[in-house]
Amino acid sequence: MRSPTHGEVSLDRVMQLILDFYNSKKVHEMPFEITVGTDSQNFSNTKVVQAIAAVSHGHGGIYFYEVSHIDRVNDVRVKLNYETGQSLELANKLFDVMEKDSAYEELFLNARFVIHVDAGMSDHGKTKDLIPGIIGWVKACGYECEVKPDSYTASHIADRISK
């Protein structure tokens, strides 16, 4: 993973940095979220960006991202399902790191974990009809789910990096 502040970091280090950020912000007693989102853009191949954001509402946030490339995906349904699957896999890896160490218990109990999906309810968008199935899939995996305009990790952070 990559951080604008910390450079290249392992997933274990990402979780340690998120824990440090949480511990520095918990004094404010504001909601704390860890969100995961993925976006992709087509070029000669498909550039995929997975992002993790940790946000203390009203007190800032930090983010991390990973860039990969896959064979070009032109079908919107396939692309959205791939992005969502990537986000779920990454979220599960975060939980694996937290389960190994009791130092993450307070963070686990107090943070909201959300998958951000780069899909919106706009009548002009191509993804509106896919949203109920995507939300159901994410919730069945045990996560909360946000779509546009609330899915900032996918639709803003990952989107900006993917371009």
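The values are calculated or read from the model by the stated rules, or taken from the named source; none is laboratory data. Here the structure is a predicted model, which is why all the values come from computation and not from measurement. Glycine gets a Cβ as well: all are built from the backbone with ideal geometry, and neighbour counts include every protein chain shown.
Within the option set Leu94, Leu90, being under 23 Å from Ile70 (Cβ atoms) and out of contact with any helix residue (DSSP H, G or I) (no Cβ under 8 Å at 6 or more places or on another chain) holds for one residue only, Leu90. Annotation note: of Ser122, Ser68, the sole residue that is more than 13 Å from the chain's Cα centre (by Cα) and part of a strand (DSSP E or B) is Ser68. For region 49-63, the condition of being without any contact (Cβ under 8 Å) to a residue 40 or more places away in the chain, assigned to a strand (DSSP E or B) and more than 16 Å from the chain's Cα centre (by Cα) holds for none of the residues. Assess whether Arg160 counts as being farther than 19 Å from Ser3 by Cα and either surrounded by 14 or more Cβ atoms within 10 Å (Cβ to Cβ) or out of contact with any strand residue (DSSP E or B) (no Cβ under 8 Å at 6 or more places or on another chain) (or both). Criteria not met by Arg160. Candidates in region 102-131 are the residues that are of a type outside the set (A, V, I, L, M, F, W, C), modelled with pLDDT of 95 or more and surrounded by fewer than 18 Cβ atoms within 10 Å (Cβ to Cβ); of these, the one that is nearest to Ala51 (Cα to Cα) is Arg112. Residues that are over 17 Å from Tyr104 (Cα atoms), surrounded by fewer than 23 Cβ atoms within 10 Å (Cβ to Cβ) and acidic (Asp, Glu) within region 10-68 comprise Glu29, Glu66, listed in sequence order. In region 133-152, of all residues being within 16 Å of Tyr82 (Cα to Cα) and part of a helix (DSSP H, G or I), the one that is nearest to the chain's Cα centre (by Cα) corresponds to Val138. Applying a threshold of 6 Å to beta carbon distances and a minimum spacing of six or more residues, or different chains, the list of pairs starting in region 106-120 at a residue that is under 15 Å from Thr35 (Cβ atoms) and hydroxyl-bearing (Ser, Thr, Tyr) and ending at one that is modelled with pLDDT under 95 and surrounded by fewer than 24 Cβ atoms within 10 Å (Cβ to Cβ) is empty.
Exactly one residue out of Lys93, Lys47 is at pLDDT 95 or above and more than 21 Å from Glu144 (Cα to Cα), and it is Lys47. In the set Asp12, Asp39, Asp20, only one residue is farther than 28 Å from Leu80 by Cα and at pLDDT 95 or above; that residue is Asp20.
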